[in-house]
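Written below as structure tokens is the structure these notes are about.
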Amino acid sequence: MNDDRKPAHGLTARDSFVPGWQDRLQLLDSVTSTQEEAKKLAEAGAPEGTAVRAEEQTGGRGRMGRKWHSPKGKGIWMSIVLRPDLPLSLTPQLTLLTGVAVCTAIREVTGVPAGIKWPNDLLAGGRKICGILLESSLREGGLHYAIAGIGISANLTPEDYPDDLQGVGTSLLIEGGGIPVDREQLTRAVLAELEYLYGLYLEQGFGPVKELWEDMSVTLGRQISLNASQGRSGGRAVGLDENGGLLLQDEAGNITSILSGEIEMI
């Protein structure tokens, strides 16, 4: 994989990095949700990096309980077990980290110029090609494990989308000019990127992830309308804070950080 990022972070070990999580991947046919399958494995003591990928999800879900369209044989519907020693307040960083890893893998394997919309969507051509769902389990007040769910619309055609997703969702096949995606190759690339970046994160903190996320963002520099539990607000997205919150600048120049909510880019 391309490692142009090394000089920016002082990395010297990428060339010697040997992926291991690829060997912990379980392939299933049809499941209700890969999140639920991964949770079962995590509760049974599965090691970090254990991943579940299904050909089809009959009850796949995205953020805020939304249904995730997961037709058989068309995408990468996958969930990975993570066991970081982190305070619960920092788990939003794992969503951003996963987005960077997936975006990197997509760009390198398919050439599709994907970008990241805060906090958990990947877009191409202004439409959604991937969603990320990070769910955490607590034990004795601390983080027990986290499940990173990844849904990549790889080889869907326009006819595969229901009416409510027409014009909203797209796929790597569509954005790549009709060239089918090798799902096995992309799966391996996603797991390798995630494992590498996760190890870097545990070693160096959020800084390298933050820099990469800002480089890949399609949110920064845009006017944002935010719908949060406190009501509606807006501003210009100018960066991430050290916890992974999105920094919004209002017309008076005041900057606030948001950690949750739905955004619309204007």
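For the reader, a short list of remarks on this structure follows.
- Residue match in region 237-246 (condition: of a type in the set (Asp, Glu), in a helix (DSSP H, G or I) and closer than 20 Å to Thr95 by Cα): no
- Residue match in region 142-153 (condition: within 29 Å of Gln223 (Cα to Cα), touching a helix residue (DSSP H, G or I) at 6+ places or on another chain (Cβ under 9 Å) and open to solvent by 30 Å² or more (accessible area, probe 1.4 Å)): no
- Qualifying positions in region 86-117 - touching a strand residue (DSSP E or B) at 6+ places or on another chain (Cβ under 8 Å) and open to solvent by 10 Å² or more (accessible area, probe 1.4 Å): Leu86, Pro87, Leu88, Thr91, Pro92, Thr95, Pro113, Lys117
- Close pairs (8 angstrom Cβ cut-off, 6 or more residues apart or separate chains): on the phi < 0 side of the Ramachandran plot and in contact (Cβ under 8 Å) with a residue 12 or more places away in the chain in region 24-42, of a type in the set (Lys, Arg) and part of a strand (DSSP E or B) anywhere: Leu25/Arg53; Gln26/Arg53; Leu27/Arg53; Leu28/Arg53; Ser33/Arg61; Thr34/Arg53; Gln35/Arg61
- The one condition in (1) acidic (Asp, Glu); (2) open to solvent by less than 70 Å² (accessible area, probe 1.4 Å); (3) in a strand (DSSP E or B) that Glu214 fails to fulfil: (3)
- Among (1) open to solvent by 10 Å² or more (accessible area, probe 1.4 Å); (2) more than 27 Å from Gly169 (Cα to Cα) - the single one Ala42 does not satisfy: (1)
- Residue match in region 219-235 (condition: crowded, with 21+ Cβ neighbours inside 10 Å, among the hydrophobic types (A, V, I, L, M, F, W, C) and within 19 Å of the chain's Cα centre (by Cα)): no
- Of residues in region 236-266 being more than 18 Å from Phe206 (Cβ to Cβ) and among the charged types (D, E, K, R), the one most open to solvent (accessible area, probe 1.4 Å): Glu251
- Taken over region 166-202, residues that are surrounded by fewer than 17 Cβ atoms within 10 Å (Cβ to Cβ) and either among the aliphatic types (A, V, I, L, M) or more than 19 Å from Ile80 (Cβ to Cβ) (or both) amount to 9.
- When Val190, Val181, Val238, Val168 are checked against the criterion of being β-branched (Val, Ile, Thr) and under 15 Å from the mean Cα position of the chain (by Cα), Val190 stands alone in meeting it.
The values are calculated or read from the model by the stated rules, or taken from the named source; none is laboratory data. Please read all numbers here as calculations on a predicted model, not as lab measurements. Cβ coordinates were reconstructed from backbone atoms using ideal geometry, including for glycine residues, and neighbour counts include every protein chain displayed. Surface accessibility is based on the protein's heavy atoms, side chains included, excluding ligands, DNA and RNA. Shrake-Rupley method; radii C 1.70, N 1.55, O 1.52, S 1.80 Å.
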